[in-house]
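The values are calculated or read from the model by the stated rules, or taken from the named source; none is laboratory data. Computed from a predicted structure; not experimentally measured. Glycine also receives a Cβ, built like all others from the backbone with ideal geometry; neighbour counts cover every protein chain displayed. Ligands, DNA and RNA are stripped out before the accessible areas are found, and what is left, the full protein with its side chains, is counted by its heavy atoms. Shrake-Rupley method; radii C 1.70, N 1.55, O 1.52, S 1.80 Å.
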Amino acid sequence: LCADDANVRDIIPQVPKQIIRYGLDPNAQVRAENVRADGTRMISSTFFKLLHRIKIAKCELLRNLGQYYKAQESLKQVQKSLSRYKALGLISFEVQEEFHVCYISSIVLRGKYANALTLHKELLEKRRAHYGARHPKIASSMDAIGRLHLARSDIGEAAKYLEDSMIMRYELYPTDHP
């Protein structure tokens, strides 16, 4: 439910089912950021991230169910939407990063591992420049690169990236971290 509307906020205590509050309100569980008008619609980087993660998950599910044509059509929609969003100029690093992750996921879904590997390595360098040498997102990038090397049967390179990722995560997170 939209937490920005006073009338909606008034009825929230009366709703018997579990709800998720969204909007600009600081108490919203999903808070809109980088809000911008696009014609008659308002868009934000937060909703962009959630929407495209869901769409990519749907594409993966369709592919895993053997519905390759539907997965490809969904990917085309995702790519069109991502390109449009980028053109609107919502260009925080985090949004650009999410754009790249979604785009790379769409390439992996098509089985283009070499292209995805190149893009993941570019993303890794951008993340290092933005976050520094040691950060959870650096470890995630190294893990993704390692998994792509595995998919390409390049065991030596896969082991190098996966081991570095595991060591970094071990150093960054306490042993009781979920």
Legend entry - Label point distance in nm, Ile155-Lys112, each placed 7 Å from Cα along Cα→Cβ: 3.0 nm
Legend entry - R0 of 35 Å, Cβ-Cβ distance Glu163-Ala129: FRET efficiency to nearest 0.05: 0.90
Inset, instruction - Please give, to one decimal in nm, the separation of the simple spin-label points placed at Gln14 and Ala57, each 7 Å out from Cα toward the Cβ. - result: 3.1 nm
Inset, instruction - May I ask you to give the percent of accessible area on the stretch 92-178 that is carbon plus sulfur, with a probe radius of 1.4 Å? - result: 53 percent
Inset, instruction - Place a +1 charge on the Cβ of each Lys and Arg in the stretch 108-178 and a -1 charge on the Cβ of each Asp and Glu, then give the dipole magnitude about the Cα centre in debye, rounded to the nearest 20. - result: 340 debye
Inset, instruction - Specify whether the C-alpha gyration tensor of the stretch 90-169 places it in the rounded, prolate or oblate class, a ≥ b ≥ c being the square roots of the eigenvalues: rounded for a/c under 1.5, otherwise prolate if a/b is larger than b/c and oblate if not. - result: oblate
Legend entry - Amide H contacts under 5 Å for Asp4, placed H, 5+ residues apart: Leu24, Asp25
Inset, instruction - Calculate, in nm to one decimal, what Asp4 and Leu24 gain on full extension: separation in residues at 0.36 nm each, minus their alpha carbon distance. - result: 6.6 nm
Inset, instruction - For Lys112, enumerate residues with amide H under 5 Å from its amide H, sequence gap 5+ or separate chain, H modeled in the peptide plane. - result: none
